[in-house]
1. Summing -39500 (n - 2.57) over the DSSP H runs of n ≥ 4 in the chain and dividing by its residue number, what mean residue ellipticity at 222 nm do you reach, to the nearest 500 deg cm²/dmol?
2. Answer with one residue from Leu61, Leu262, Gly173: the one whose Cα lies farthest towards the positive end of the charge dipole of the chain, charges on Cβ with Lys, Arg +1 and Asp, Glu -1.
3. Among all cysteines in the chain, which have no other cysteine Cβ under 4.7 Å from their own Cβ?
4. Taking the Cα centre of the chain as origin, work out the dipole magnitude from +1 charges on Lys and Arg Cβ and -1 charges on Asp and Glu Cβ, in debye rounded to 20.
5. Using the alpha-carbon centroid of each, what span in Å lies between segment 104-118 and segment 1-41?
6. Give me the net charge of Ala162's neighbourhood, meaning all other residues with Cβ under 13 Å from the Cβ of Ala162; Lys, Arg count +1, Asp, Glu -1.
7. Which shape class applies to the chain: rounded if a/c is under 1.5, otherwise prolate when a/b exceeds b/c and oblate if not, where a ≥ b ≥ c are the square roots of the Cα gyration tensor eigenvalues?
8. Where Lys and Arg each count +1 and Asp and Glu each count -1, what net charge lies around Asp32 among other residues with Cβ under 15 Å from its Cβ?
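The numbers here are math on the coordinates, done by the rules we state, and not lab data. Computed from a predicted model, the values in this text were never measured in an experiment. In this analysis, Cβ positions are derived from the backbone assuming ideal geometry, glycine residues included, and neighbour counts consider all displayed protein chains.
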Amino acid sequence: MAALDGLPPLRDVIQRHGLDAKKALGQNFLLDLNLTQKIARTAGPLEGATVIEVGPGPGGLTRAILALGAKKVVAIERDSRCLPALAEIGAHYPERLDVVEGDALKVDFEALADGPVRIIANLPYNVGTQLLVNWLLPGRWPPFWQSMTLMFQREVGLRIVASPDDDHYGRLGVLCGWRTKASLAFDVPPQAFTPPPKVTSTVVHLEPIEVPIPCSPAVLEKVTQAAFGQRRKMLRQSLKPLGGEALLAKAGIDPKRRAETLSVEEFCRLANCL
Ligand code: SAM
């Protein structure tokens, strides 16, 4: 494991810095640098790239990203206990690692990025979906990020890539399908983490669609929220607060259909008719 960069094995780093995992911070660490390299490679060529990483923890994924040639990694970590371990990595790769201590939900990511960035993260499960949604909703498109390679619980990964008539299709699938090309890269079993989580995880790779169907993100959210809020009901019922049958007629959509059968294009049409 140390062969990747000559730095000590992660197990030693964790022990030396007393980084016992905190559940409240979603801390499930990856100690296998072959696996962290596999995740980093999924992002595409990293030679000369700028990368934003959320939640570097003891730095397993950070080390892989740097070893693969990223010019700069900006890593946002909430747990101050991890900072000394990250400082050791920064010393090994001078001028290439900036660590920002803080809550990623409060960070202005666009301000951190001078030029296109790749986002790569083994996300804390409690904030992962919210971060993804925040990255998908900027007013300006294409966004500041060039790609996102993110670890989620498999269940969330399936929702991200879901298409109509799929049980996992919902608000997240519509949002991701509208603005990105999203794909599942590979699964990671619980025993790959320390401590192991209860469920299987999966790595998802997303790239922005250059020109998505024109539509207001806020209105699209409003429509999908109403439609999937009562996903088993016919749209004429679930969309009643937004105009029901009249709205559906305007959009040319059969009022007897259910939310899970609508394509992304049809959701955008509804949003544009509102
Ligand atoms: N990247 C490391 C790895 O792969 O082993 C750690 C991943 S662990 C699943 C999630 C990390 O996110 C932890 O280091 C945790 O402290 C950090 N974290 C949790 N909530 C955060 C937040 N709101 N903002 C920034 N970091 C956070």
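1. Values: 12 runs with 103 residues, N = 274.
Rounded to the nearest 500, the figure is -10500 deg cm²/dmol.
2. Leu262
3. Result for the chain is Cys82, Cys176, Cys273, no neighbouring Cys Cβ within the cutoff.
4. Numbers: 32 positive and 29 negative charges, 195 e Å.
Roughly 940 debye for the chain.
5. For segment 104-118 versus segment 1-41, the Cα centre distance is 24 Å.
6. Values: positive: Arg154, Arg159, Arg171, Arg231; negative: Glu155, Asp165, Asp166, Asp167, Glu260.
That works out to -1.
7. It is prolate, given that a/c is not under 1.5 and a/b is the larger ratio.
8. Values: positive: Arg11, Lys38, Arg41, Arg63; negative: Asp5, Asp12, Asp187.
Combined, the nearby Lys, Arg, Asp and Glu give +1.
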